[in-house]
Amino acid sequence: MIKLKRVVSFISLLPFMLIASMGTANRVSAQPSDLKIWFTKPASEWNEALPVGNGRLGAMVFGGIETVRLQLNEESVWTGEPLDYHNPGAREALPKVRELLFAGKYIEAQELAQAQIMGTRECRVWPTYQTLGDFIMTFGPYRDKSDYRRELDLETAIATETWRADWTPYKREVFASAPDQVLVVRMSCEKATGLSFTCRLQRPGNTASIVSDGNEIIMSEHVGGGVGVKMVARLKMMHDGGELIAGEDSIRIQNADAVTLLLTAATDYRGDDPFFMTQQRLWVAAKKSYEEIKAAHIADYQTYFKRLDFDIGVSDGDYFPTDARVAAMQIGYVDPGLIKLYYQFGRYLLISSSRPGSLPANLQGIWADGLTPPWSADYHININIQMNYWPAEITNLAEMHEPFLAFINALRPDGRKTAREVYGCRGIVAHHTTDAWLFTEPVEQTLWGMWPMGLAWSCRHLWEHYLFNEDKQYLKQQAYPAMKEASEFCVDWLVENPRTHKLVSGPSISPENRFLTSDGQSATVVMGPTMDHMIIRDLLTNTIAAATVLNVDAALRDTLSHILENLTLLQIGSDGRLLEWSEELKEAEPGHRHISHLYGLHPGNQITLQQPELLEAARKTIEYRLAHGGGHTGWSRAWIINFYARLLDGEHAYDNLLALLRKSTLSNLFDTHPPFQIDGNFGATAGITEMLIQSHVGEIHLLPALPQAWQKGHLHGACARGGFDVEIDWERGELTNATILSRLGNECHFRYKEKLISFQTEVGKHYAFNGKLERN
């Protein structure tokens with residue numbers, strides 16, 4: 001038995017030995033690195049750097065010994081300005097476009113919609129999120145350099161580097177403090193007077209003003225050549241011993257024992273004075289010791305992070321650098337410890353990029369390099385920002401959801417204007433994307449822009465937040481008003497299909513997908529895309545429920561109920577798949593990344609065990625997409641994990657999780673589209689949670705999609721709708737223990753496999769069960 005274990009252990013190490021022989025890893029850890037992303041070399045490019053953030057201020061930590069780069073971001077560094085993009089011919093053209101579509105003249109209708117409905121983004125400067133700049137430290141040169149290690153500890157949200165230079169041990173810690181609103185860098189070494197280095201700030205474009213003033217460097221710019229925000233960044237050096245030398249735009253410290261650097265930044269995006277804001281924040285933080293700032297940071301961060309614990313076992317990979325672990329996965333190794341690390345990294349990223357009072361996490365969270373990041377690092381509201389927040393409630397990070405919920409409400413004023421001026425409708429509407437300036441008009445190409453469901457989908461998040469906390473004041477003041485207005489738009493927007501006499505949405509699209517007309521031309525605009533109807537059914541149903549809770553708007557409830565009775569139903573095609581459009585049309589790209597017509601499976605709840613025919617149609621839809629190359633982007637693969645979890649198919653959910661890690665994960669565990677997009681990280685964390693606990697159909701379903709590979713594990717601290725915290729343990733693939741904490745005193749419906757129990761709960765009380773759902 002001992003010999004067999006040694007052989008197995010040796011075989012399991014072979015992938016890492018191979019990776020090490022290729023130079024990816026040159027050292028193993030003496031102790032397993034449970035929740036640490038770590039490397040044995042500095043980052044050579046952006047996708048190898050480590051992210052730190054406090055929701056508003058962030059940095060990508062490259063590390064290094066002689067030259068160190070921290071690429072900086074502040075959430076509101078945006079070029080552009082509020083603009084009106086609406087096409088003045090839209091209202092007049094709308095009836096004609098619909099007439100052409102009902103007649104099957106798709107190309108003619110699409111061309112008219114492009115010319116008369118779609119707005120053009122004519123602007124002085126293209127709106128885009130931008131880097132704040134770079135913080136550069138220069139050391140050395142050194143004759144001898146060794147023992148380098150760079151890590152991000154997910155339990156403390158601190159990036160740490162250690163190394164030896166000229167035989168002296170050095171250490172650098174970097175973190176973004178939310179309590180003190182500063183980025184902190186701490187340098188220390190074991191040799192007295194051993195620290196000498198130069199600091200500077202810089203920004204692409206060479207148009208920023210950068211000056212040093214004593215022990216501070218101040219960098220400021222009116223971005224976008226004066227069309228955008230005014231930004232200010234301040235860096236302050238505090239040192240133990242040594243001599244400080246100020247240059248024109250840099251600071252040098254000579255022969256110090258330890259150095260603490262504080263950096264803060266602000267803009268005038270919300271009307272504040274960034275010079276004053278940064279000055280005040282630095283003044284307050286600088287009065288504290290490094291240990292005080294660090295302790296407050298850890299305590300604040302762990303308030304959120306420590307709420308949930310997840311484990312599915314350890315592996316030999318725990319001893320190896322993260323890039324080696326990812327590379328080993330890519331050649332077939334299965335690393336349960338890496339899955340755990342990836343899962344908690346998703347929660348870490350949400351805490352670090354989305355805090356109450358901040359803007360929501362964008363396509364890259366808050367981390368984006370340069371002046372022109374991909375897709376402007378904006379807010380795509382046709383899947384991406386929604387996916388960012390899928391893990392918020394279920395992984396016990398409800399507060400991190402708040403920036404998106406506030407953002408939805410911030411879109412309402414322009415959404416009313418767009419509904420009225422573009423479509424002649426009441427209520428609010430938004431389309432496929434928006435930005436920090438909160439536009440809602442249909443813009444650019446019909447292929448992605450002719451889709452008026454962005455706010456309607458987003459309103460699901462308002463309702464979901466209520467389902468977890470049942471805060472009626474929140475529902476009344478923040479959620480229901482937006483849901484009501486979005487529903488009013490749908491009431492006015494829907495029209496009767498003259499052939500079926502059912503209500504349909506249109507002109508619209510199935511996001512970013514195309515179909516072939518009878519003569520082989522590629523088209524995108526239709527009357528009645530399936531996803532629209534799923535979103536509308538979802539929204540109207542939830543709005544009725546919200547109004548019922550609040551006991552308001554009885555007449556509106558009746559109207560919405562009538563519309564639901566007449567809304568086009570889901571349809572199954574001749575090949576057994578769910579129809580994506582209102583009729584059976586051939587896809588131009590059968591493996592398309594968007595699988596929008598499965599919204600009702602996830603994140604919605606219209607396709608459940610109560611509709612076996614629809615479940616099977618959904619399964620066939622996924623299988624067909626995958627067979628034709630679907631899931632090739634990180635976020636799309638993450639969505640598929642959630643789909644299979646809702647189908648209670650743990651094996652296929654797990655297979656797609658492995659595919660995500662092997663094909664769409666960078667060495668620092670960032671998701672890649674490509675390029676990097678953060679939505680896949682969040683979507684996968686949500687998907688893993690959905691494999692272990694679901695509550696979207698009115699009951700808490702335990703281990704609904706547990707794969708065979710996860711024979712033993714636990715999930716403690718997940719949340720379920722109705723105000724429940726859940727702890728589950730399993731062994732040999734079977735539930736062993738489950739504990740429920742009731743926060744609201746609701747009746748609980750509890751399922752494991754075929755057994756369903758119901759019981760009334762009391763606020764603040766725990767309820768423990770064994771694997772047979774018998775009370776302990």
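Filtering the range 25-39 down to residues that are at pLDDT 95 or above and open to solvent by less than 10 Å² (accessible area, probe 1.4 Å), which residue is farthest from S146 (Cα to Cα)? So that I can check it myself, show each step before the final result.
First, pick out the residues of the range 25-39 that are at pLDDT 95 or above: 35-39.
Filter once more, keeping what is open to solvent by less than 10 Å² (accessible area, probe 1.4 Å): 37-39.
Working: I37: 20, W38: 16, F39: 13 Å.
If we take residues in the range 25-39 being at pLDDT 95 or above and open to solvent by less than 10 Å² (accessible area, probe 1.4 Å), then I37 is farthest from S146 (Cα to Cα).
Set side by side, the residues E441, E488 differ, and just one is modelled with pLDDT of 95 or more, closer than 23 Å to D414 by Cα and touching a Lys or Arg at 6+ places or on another chain (Cβ under 7 Å), which is E488. Whenever a residue of the range 188-214 is at positive phi, its partners that are open to solvent by 30 Å² or more (accessible area, probe 1.4 Å) and assigned to a loop (DSSP other than H, G, I, E, B), lying with C-beta atoms within less than 9 angstrom and at least six residues away or across chains, give the pairs T193/G241; T193/G242; T193/D257; G205/L371. Restricting attention to the range 356-371, and to residues there that are touching a Gly at 6+ places or on another chain (Cβ under 8 Å) and crowded, with 22+ Cβ neighbours inside 10 Å, which single residue is nearest to A159 (Cα to Cα)? Going through the qualifying residues, I end up with W367. In the condition set (1) crowded, with 17+ Cβ neighbours inside 10 Å; (2) in contact with a strand residue (DSSP E or B) (Cβ under 8 Å, 6 or more places away or on another chain); (3) over 22 Å from A392 (Cβ atoms); (4) not small (G, A, S), P707 is compliant with all but (2). Examine the range 560-573 for a residue that is open to solvent by less than 50 Å² (accessible area, probe 1.4 Å), within 30 Å of P674 (Cβ to Cβ), of a type in the set (A, V, I, L, M) and out of contact with any Lys or Arg (no Cβ under 8 Å at 6 or more places or on another chain), and state whether such a residue exists. Checked the range 560-573: no residue is open to solvent by less than 50 Å² (accessible area, probe 1.4 Å), within 30 Å of P674 (Cβ to Cβ), of a type in the set (A, V, I, L, M) and out of contact with any Lys or Arg (no Cβ under 8 Å at 6 or more places or on another chain). Of all residues in the range 197-216, those satisfying the criterion of being open to solvent by less than 20 Å² (accessible area, probe 1.4 Å) and either aliphatic (A, V, I, L, M) or part of a strand (DSSP E or B) (or both) are F197, C199, L201. Per the conditions (1) acidic (D, E); (2) surrounded by fewer than 19 Cβ atoms within 10 Å (Cβ to Cβ); (3) closer than 18 Å to E155 by Cα, the sole criterion not satisfied by D272 is (3).
In contact with a Gly (Cβ under 6 Å, 6 or more places away or on another chain) and in contact (Cβ under 8 Å) with a residue 60 or more places away in the chain: which single residue out of I351, I381 fits that description?
Details: I351 fails: in contact with a Gly (Cβ under 6 Å, 6 or more places away or on another chain).
Exactly one residue qualifies, and that residue is I381.
Yes or no: R577 within 21 Å of A645 (Cβ to Cβ), among the charged types (D, E, K, R), open to solvent by 30 Å² or more (accessible area, probe 1.4 Å) and modelled with pLDDT under 95? Answer is no for this residue.
Return yes when P82 is touching a Phe, Trp or Tyr at 6+ places or on another chain (Cβ under 8 Å) and assigned to a strand (DSSP E or B) and no when it is not.
Working: touching a Phe, Trp or Tyr at 6+ places or on another chain (Cβ under 8 Å): yes; assigned to a strand (DSSP E or B): no.
It is false that P82 is touching a Phe, Trp or Tyr at 6+ places or on another chain (Cβ under 8 Å) and assigned to a strand (DSSP E or B).
Of all residues in the range 73-111, those satisfying the criterion of being over 20 Å from D414 (Cβ atoms) and among the polar types (S, T, N, Q) are N73, Q110. Restricting attention to the range 105-118, the residues that are open to solvent by less than 40 Å² (accessible area, probe 1.4 Å) and part of a loop (DSSP other than H, G, I, E, B) total 2. Whenever a residue of the range 217-231 is under 14 Å from Y129 (Cα atoms) and open to solvent by 10 Å² or more (accessible area, probe 1.4 Å), its partners that are in a strand (DSSP E or B) and charged (D, E, K, R), lying with C-beta atoms within less than 7 angstrom and at least six residues away or across chains, give the pairs H222/K230. Could you check, for the range 745-767, whether at least one of its residues is open to solvent by 10 Å² or more (accessible area, probe 1.4 Å), in a strand (DSSP E or B) and of a type in the set (V, I, T)? Taking every residue of the range 745-767 in turn, at least one turns out to be open to solvent by 10 Å² or more (accessible area, probe 1.4 Å), in a strand (DSSP E or B) and of a type in the set (V, I, T). The residues on offer are A686, A659, and the sole one that is assigned to a helix (DSSP H, G or I), of a type in the set (A, V, I, L, M, F, W, C) and open to solvent by 10 Å² or more (accessible area, probe 1.4 Å) is A659.
Being more than 36 Å from the chain's Cα centre (by Cα) and among the β-branched types (V, I, T) is the filter here, so list the residues in the range 166-197 that pass it. Let's see the steps before the verdict.
Residues of the range 166-197 more than 36 Å from the chain's Cα centre (by Cα): 166-169, 189-197.
Listed by number, the residues that qualify are T168, T193.
Exactly one residue out of P179, P141 is part of a loop (DSSP other than H, G, I, E, B) and at pLDDT 95 or above: that is P179.
Restricting attention to the range 492-516 and to residues that are in a loop (DSSP other than H, G, I, E, B) and open to solvent by 20 Å² or more (accessible area, probe 1.4 Å), the residue that is nearest to P452 (Cα to Cα) turns out to be E512. In summary, helices (runs of 4 or more DSSP H) completely within the range 372-464 and bearing 1 or more residues that are open to solvent by less than 20 Å² (accessible area, probe 1.4 Å) and in contact with a strand residue (DSSP E or B) (Cβ under 6 Å, 6 or more places away or on another chain) occur at 384-388, 390-394, 446-449.
Results for (1) modelled with pLDDT of 95 or more; (2) at negative phi; (3) surrounded by fewer than 20 Cβ atoms within 10 Å (Cβ to Cβ), shown as yes or no for each residue.
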position	(1), (2), (3)
E99	yes, yes, yes
T128	yes, yes, no
D134	yes, yes, yes
D147	yes, no, yes
L152	yes, yes, no
D166	no, no, yes
P169	yes, yes, yes
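The single condition among (1) in contact with a helix residue (DSSP H, G or I) (Cβ under 8 Å, 6 or more places away or on another chain); (2) modelled with pLDDT of 65 or more; (3) over 17 Å from L263 (Cα atoms) that I65 does not satisfy is (1). The single condition from (1) open to solvent by 30 Å² or more (accessible area, probe 1.4 Å); (2) of a type in the set (K, R); (3) part of a strand (DSSP E or B) that K191 fails is (3).
Would it be correct to say that G591 is without any contact (Cβ under 8 Å) to a residue 60 or more places away in the chain, assigned to a loop (DSSP other than H, G, I, E, B) and either surrounded by 13 or more Cβ atoms within 10 Å (Cβ to Cβ) or touching a Cys at 6+ places or on another chain (Cβ under 7 Å) (or both)? Answer is yes for this residue.
Residues of the range 151-171 that are assigned to a loop (DSSP other than H, G, I, E, B) and charged (D, E, K, R): E155, D166.
The values are calculated or read from the model by the stated rules, or taken from the named source; none is laboratory data. Worth saying up front: this structure is predicted, and the values here are computed from it rather than measured. All Cβ positions, even for glycine, are placed from backbone atoms using ideal geometry, and neighbour counts span all protein chains on display. Calculation scope for accessible area: heavy atoms of the full protein, side chains included, ligands and nucleic acids excluded. Shrake-Rupley method; radii C 1.70, N 1.55, O 1.52, S 1.80 Å.
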